[in-house]
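Below you'll find the structure, written out as structure tokens, and then a few comments.
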Amino acid sequence: MTPKWTVWLGGVLLAAVIAAALYFPALRRRVNQAKELTEKTAEQARRELLPVAPVSTGDPKAKVIMFWGSRGQEGELLPVTVELPLSREPVLRAKQVLNTLLAGPVDTESRTLPPDAALLAFYILPDGTGVADFSDEIRTSIPSGIQSEQLAVESILRTLEANVPQVLRLKILIHGQEADTLAGHVDLTQLFRVNAKDAAGTQLDNPSPPGSKLPGPIRKAVETMRKATKR
Amino acid sequence: MVLDPAHGGTDPGARGTEGITESDEVLQFATATKRALEAQGFQVILTREGNDNPSFDDRSARANAQRGAVFITLHIASTGLTGTARVYVEPEVPASNNITGLIPWDRAQAPFLTLSRKLGDLVQQELSKRFKGSPDTLQTAPVRQLRTTAAPAIAVEISSVSVKERAELDRMVPGVAEAIARGLTEFRPTYVVPTIPVPGGSVQP
């Protein structure tokens, strides 16, 4: 005959199993909620640390042309007109349009840059060379490949060309540093031509492999960004 | 003929489903292409035969050390229409102002751009015959690997590592190998190593 205490023990264990089964889905929901909250908070914290392009409410709204990916034509860019409060000052204007480009279109399939990448700094040197410094995510989160990297760079160049005529050519930095490639394919050691009026600054006209001497003004800009990044 | 399976070692390149990595897959494509080219009488060098990752310059140096070489770098993208392939060449490179008659390493591709385009056109035509949806014409992109290569040089990018199953990529291997071999066979009779003008009116091959 089964001792009475084993019946009690069995009953208690059975009740515990039923309670756990009932409680488990709720626990899982809570864990997922907590995880989402942590991710959101980390992302928010990161964005709060980044210098955001100031948008003055006094800035008049203007139509800008953004170049995002074409859904129908693979590997092609499509100009999209959007209305933004836009500064007349070229550096602020460049930051505003690049931040809009990074924020992406309504149709997320058409984005050309990773959603978690951020513009850390933007300068325009007196000779019309723009220097854009992006966060590491532009390299780590972009889909790897020649086509996707080329599309990302082209979308930056064409958007600047359409909206900030003062930028004649562009140097792309990642986290304040020169990079050999964007994500293993497209060459970032060069200056990219932004504006067709720029006869001198064609790509490869001034290649600067890491370790080599950069033109003075760009070297200064890189130094400034490195210091800012360290801070 | 220098064939370059991109990435390798600690750099897996694009990563897809089923644990597919670009660095592993391109090695398969390169090995099959090597066989197809050798069957056509070409001498073929691979820039890597295992899971190592030579630098961009080391890879270029394999071609730059040969006279009359041709360089093809093989990639698999993480995007793009599955089952297609694209050929890329460097965009226009301004002429160098050097007075030594030597080609600067950073602009090594410049004297070979016309030849690279010709080779690229031929290979792209062969690829588009075999892989529906591939572009009919080659494309330009500043691919880092091509810039320092002193030979007709193209990049072939296959889509993609995001296939549903590895077999889809495996089925493309013979077609890609054959397209490259045919393109190169057509290109061979037209390939004359360009001469570099040097001060004093003479030329240097």
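FYI, it's all coordinate maths here, none of it is from the lab. Since this is a predicted model, take the numbers as computed values, not measurements. No Cβ is skipped: glycine too gets one built from the backbone with ideal geometry, and neighbour counts run over all protein chains shown.
Some notes on this structure:
- Comparing Cα centroids, the stretch B:100-174 and the stretch A:77-112 end up 32 angstrom apart.
- Computed from the alpha carbon atoms alone, the convex hull of the stretch B:2-204 holds 108 Å³ per residue.
- Counting beta carbons within 10 Å around each of A:95, A:4 and listing the fewest first gives the order A:4, A:95.
- Counting Cβ atoms of other protein chains within 10 Å of each Cβ in A:177-184 and taking the mean gives 3.
- Shape box of the stretch B:1-87 [Cα atoms, principal axes, largest first, Å]: 40, 27, 21
- Helix B:113-130 and the longest principal axis of the C-alpha atoms of chain B enclose an angle of approximately 20°.
- Taken residue by residue and averaged, Cβ atoms of other chains lying within 10 Å of the Cβ of A:136-147 number 6.
- Over 30 Å apart at the Cα level, from the set B:118/B:164; A:95/B:132; A:63/A:171; A:63/B:164; A:63/B:132, are B:118/B:164; A:95/B:132; A:63/B:164; A:63/B:132.
- Highest average packing first - A:24-30, A:143-149, Cβ atoms within 10 Å: A:143-149, A:24-30
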